[in-house]
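Reviewing the structure listed below.
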Amino acid sequence: MKKNAEPATREQRLEAFQPLSGMVVPRFAGISTFMRLPYLAPTQAPGEIDIALLGIPFDGATTNRPGARLGPRQVREASSLMRLVNYGTLVAPYDLCACADVGDVPVNPIDVQDTIRRIEAEVAYLHQGGVTPLSIGGDHIISYPILRALGSKGPLGMIHVDAHSDTGDTYFGGQKLTHGTPFRRAIEDGVLDPERVVQIGIRGTMYSADERQWALDQGIRIIDMEEVAEKGIPYAIAEARRVVGTEPTYFTFDIDSIDPAFAPGTGTPEIGGFTSREALQLVRGFRHLNLVGADVVEVSPPLDQTGGTALVGASIAFELLCLLAEARAERTAKETRLNVV
């Protein structure tokens, strides 16, 4: 978007940051960006856009099967199949917020701590500039620096859809920064309020019962897969909404929450998960919450050469974009009313 002497109006920004139309350029053509949105350098994002879609191609904290570093690239490709309006909710995110692909965080593939610093710095820059991040990973460690950036002035609540709690302590003789430990680290850092955290779909085996017990002892509400199966997705939605309340909340979605029959391309698959249709129902149940950011993680393209897992990831990313756009528009409308009063 060109810089003018006068600041662009909201209408001008919305018009400038629309996806490339599949009616003008076929969806198999053109440069690949998330949702076919315009590309904007992250340094240009504050003041121009409301929501930044960014890739975080890092899997250096993976302890089993790698490949999630390639997730953002293939999710970009698959996201060309997304159109403009959510069929289930009728939310049209690009009519609500100016959105752009801001590229990939320049990660360090051989240094976890350096990568964490880089992710935190970029997300903090966007956040301080009033931009809401929607991140595509990458393994689940990426959520940790994002939470540090977004929760620096007060702990966040979190909706966490996953097969695993990711509240382990250490791996391999004391390693604290892995894709199985991000939320213990975030709680220890005071950027995540455990009493406003809900984990949905947890199942499978564990290295130690401490992972689950530690989470429960902190006050995390775990709605494991057995409870979801017994009481239903509407119950899980209602319970999660009760837990996070109306304060700022982050949404993280691990693709392994979905059964490997529907999303096999992930590093730590667990049978007995959500169907892709159930995942849509679940995510759509979190409209009108105070969501300040979201991510989709653990898509590993080498483990699914059909590309089907990336399509699931892109579809969930679009659902999260709709939630973020609606939440942001509602906050803006509320602030406008308060200013008028």
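The values are calculated or read from the model by the stated rules, or taken from the named source; none is laboratory data. All of these numbers come straight from a predicted model, not from anything done at the bench. Cβ sites come from the backbone with ideal geometry, for glycine too, and all protein chains shown count toward neighbours. SASA here: full protein model, heavy atoms, side chains in, ligands and nucleic acids out. Shrake-Rupley method; radii C 1.70, N 1.55, O 1.52, S 1.80 Å.
For the reader, a short list of remarks on this structure follows.
Yes or no, residue by residue, for (1) at pLDDT 95 or above; (2) under 28 Å from Arg185 (Cβ atoms); (3) touching a Gly at 6+ places or on another chain (Cβ under 7 Å):
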| residue | (1), (2), (3) |
| --- | --- |
| Met1 | no, no, no |
| Arg10 | no, no, no |
| Gln18 | no, no, no |
| Val24 | no, no, no |
| Thr33 | yes, no, no |
| Phe58 | yes, yes, yes |
| Asn64 | no, yes, yes |
| Val75 | yes, yes, yes |
| Ala92 | yes, no, no |
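- Filter result for Thr43 (open to solvent by 30 Å² or more (accessible area, probe 1.4 Å), under 30 Å from Val112 (Cβ atoms), assigned to a helix (DSSP H, G or I) and of a type in the set (Ser, Thr, Tyr)): yes
- For region 264-319, the tally of residues that are part of a loop (DSSP other than H, G, I, E, B) and either of a type outside the set (Val, Ile, Thr) or open to solvent by 20 Å² or more (accessible area, probe 1.4 Å) (or both) stands at 22.
- Within region 320-341, being aliphatic (A, V, I, L, M) and more than 17 Å from Asn86 (Cα to Cα) holds for Ala333, Leu338, Val340, Val341.
- Residues of region 13-65 that are touching a residue at least 60 places away in the same chain (Cβ under 8 Å) and basic (Lys, Arg): Arg13, Arg65.
- Of the criteria (1) open to solvent by less than 40 Å² (accessible area, probe 1.4 Å); (2) touching a residue at least 12 places away in the same chain (Cβ under 8 Å), which one Gln218 fails: (1)
- Tally, over region 164-215, of residues that are crowded, with 21+ Cβ neighbours inside 10 Å and of a type in the set (Gly, Ala, Ser): 6
- Qualifying residue in region 287-299 (condition: in contact with a Cys (Cβ under 9 Å, 6 or more places away or on another chain) and either farther than 13 Å from Ser135 by Cβ or free of Cβ contacts under 8 Å to residues at least 40 places away in the same chain (or both)): yes
Rundown of residues vs (1) modelled with pLDDT under 95; (2) within 21 Å of Asp224 (Cα to Cα); (3) over 18 Å from the mean Cα position of the chain (by Cα), yes/no style:
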site: Val112; (1), (2), (3): no, no, yes
site: Ile116; (1), (2), (3): no, no, no
site: Glu120; (1), (2), (3): no, no, no
site: Val123; (1), (2), (3): no, no, no
site: Gly130; (1), (2), (3): no, no, no
site: Ser143; (1), (2), (3): no, yes, no
site: Arg148; (1), (2), (3): no, no, no
site: Gly151; (1), (2), (3): no, no, no
site: Arg203; (1), (2), (3): no, yes, yes
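- Counting the residues of region 200-253 that are outside any loop (DSSP other than H, G, I, E, B), under 18 Å from Glu270 (Cβ atoms) and basic (Lys, Arg) gives 1.
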